[in-house]
1. Pop the C-beta distance of Glu71 and Asp365 into the FRET formula with R0 = 56 Å and round what comes out to the nearest 0.05.
2. Gap in Å between the Cα centre of region 306-346 and the Cα centre of region 136-155?
3. In whole percent, how big is the carbon plus sulfur part of the accessible area of the chain, probe 1.4 Å, protein atoms only?
4. If contacts are Cα pairs under 8 angstrom and at least 6 residues apart, what is the relative contact order of region 4-45 in percent?
5. Students often check this: by mean Cβ neighbours within 10 Å, which of 100-112, 340-352 ranks highest, and how do the rest follow?
6. Using a/c under 1.5 as the rounded threshold, could you call region 169-324 rounded, prolate or oblate? The axes a ≥ b ≥ c are square roots of the C-alpha gyration tensor eigenvalues, and prolate needs a/b larger than b/c, oblate otherwise.
7. Would you work out if region 243-363 is rounded, prolate or oblate? Take a ≥ b ≥ c from the square roots of the eigenvalues of the alpha-carbon gyration tensor; rounded if a/c is under 1.5, else prolate when a/b is larger than b/c, oblate otherwise.
8. Is the C-alpha gyration tensor of the chain telling us rounded, prolate or oblate? Criteria: a/c under 1.5 is rounded; beyond that, a/b larger than b/c is prolate, otherwise oblate.
Amino acid sequence: MKAVILVGGLGTRLRPLTCNTPKPMIPLVNQPFIEWMLLRLRDQGISEVVLAVQYLAERFRHAFGDGSRLEMKLHIVEEPEPRGTAGAVKNVEHLLDGPTFIFNGDVMTDLDLRAMLAYHQEKQSKVTIALTPVEDPTQFGLVETERDDRVKRFLEKPRVEDITTNLINAGTYVIDPEVLRYVPPNQFYMFERGLFPVIMQIGDPMYGYSTRAYWTDIGKPQTYIDVHHDILIGKVKYDFRGEQIADRVWVEGDATIHPSAQMVGPVVIGNGTVIGRGARIIGPTVIGPGCQLGTDVSLEGAILWEKNILEEGVTIRNSVLGANNTIGAKTYLTDGAIIGDDCSFGAENRLERGIRIWPGTILGDKAISF
Ligand code: GTP
């Protein structure tokens with residue numbers, strides 16, 4: 001069984017975290033998101049995967065090569081220019097045979113892939129689209145189905161009075177590669193606006209597979225924070241790496257934790273991290289590898305990538321810190337602040353309310369109170 005993962009998008013909504021790192025390579029609980037996804041596919045019987053890459057392709061090659069480290073076969077195929085979702089699959093058509101899974105590379109789900117494939121085969125479908133219910137359908141592309149689940153129509157961001165379903169396209173498909181003959185070669189072409197309407201017009205069988213599996217698009221700052229919290233509080237099935245040293249506190253490799261530090265799980269601490277005297281780490285929180293947390297640092301609902309230095313009395317709540325930052329004493333990052341990589345902040349800054357700071361920013365003492 002083969003799969004294609006679409007990893008060519010620019011990830012603009014998640015900037016500045018995606019300025020230096022392609023969206024699928026950003027860490028999810030200290031592991032590149034795409035690595036978690038590849039292992040999940042492997043464990044569900046998909047042993048050969050094509051990564052349809054566009055931007056910062058070398059990062060994928062460097063991390064995964066031919067896939068042997070993950071005990072699977074991996075093809076990393078770079079597009080000459082962005083081809084769109086269906087165009088990207090057309091570009092790797094020569095590698096496909098038989099029913100194939102297609103995944104958006106920014107969707108976290110614990111969907112049962114074997115069950116979805118069995119459904120595709122039972123219906124003799126040519127395209128099967130995973131559907132998931134949402135609370136506010138006005139923000140999404142909806143998929144309306146007949147009583148037998150055959151797809152009836154697509155509604156893009158409808159007005160309230162036009163809403164007939166709360167099911168949205170969950171960004172996971174099973175296709176029979178023969179439908180790629182409807183996709184024009186060497187062109188930008190999308191599934192939702194291109195291929196799916198054509199298949200409906202021709203009348204090939206296309207079904208919706210509705211599921212209540214966990215589903216989140218990790219591609220927005222708040223959903224990136226939320227998905228971490230959901231994993232840590234156990235809302236989604238997840239195998240934590242590392243050793244559990246206290247109630248829901250996991251350490252990956254070695255960490256030095258001062259005996260006076262207070263820790264309330266769920267918390268994950270990366271390899272080589274040092275936590276200083278009087279620190280308060282309240283879950284759900286993830287601390288990347290190689291970080292240094294000074295005296296009386298306070299974290300709650302925080303996501304820290306690798307190699308950050310937090311000086312004395314820094315507070316971080318419900319915010320994300322990229323890699324290699326130095327945060328000066330008594331600085332506050334709260335309420336959805338998103339900080340890129342390689343920044344250096346002086347003491348006593350306040351960054352709040354979803355502020356986004358680009359990589360390499362340097363701030364003096366008391367320079368920002370936002
Ligand atoms: P935003 O810029 O924040 O909207 O993110 P995005 O660029 O990733 O776009 P979007 O979330 O709509 O894309 C859905 C999935 O398709 C993501 O996994 C993208 O990586 C992928 N994708 C989008 N466009 C292309 C493309 O032209 N080529 C390839 N290979 N993948 C694409």
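The values are calculated or read from the model by the stated rules, or taken from the named source; none is laboratory data. Remember, it's a predicted structure, so these values are computed and weren't measured experimentally. Quick reminder, even Gly has a Cβ in these numbers, built from the backbone with ideal geometry, and neighbours come from all protein chains shown. Remember, those area values only see protein heavy atoms, side chains included, never the ligands or the DNA or RNA. Shrake-Rupley method; radii C 1.70, N 1.55, O 1.52, S 1.80 Å.
1. For Glu71 and Asp365, the calculated efficiency is 0.65.
2. That distance is 42 Å.
3. Roughly 47 percent, rounded to a whole number.
4. The value is 23 percent.
5. My ranking of the peptides, most packed first, is 100-112, 340-352.
6. prolate
7. Prolate, because a/c is 1.5 or more and a/b exceeds b/c.
8. prolate
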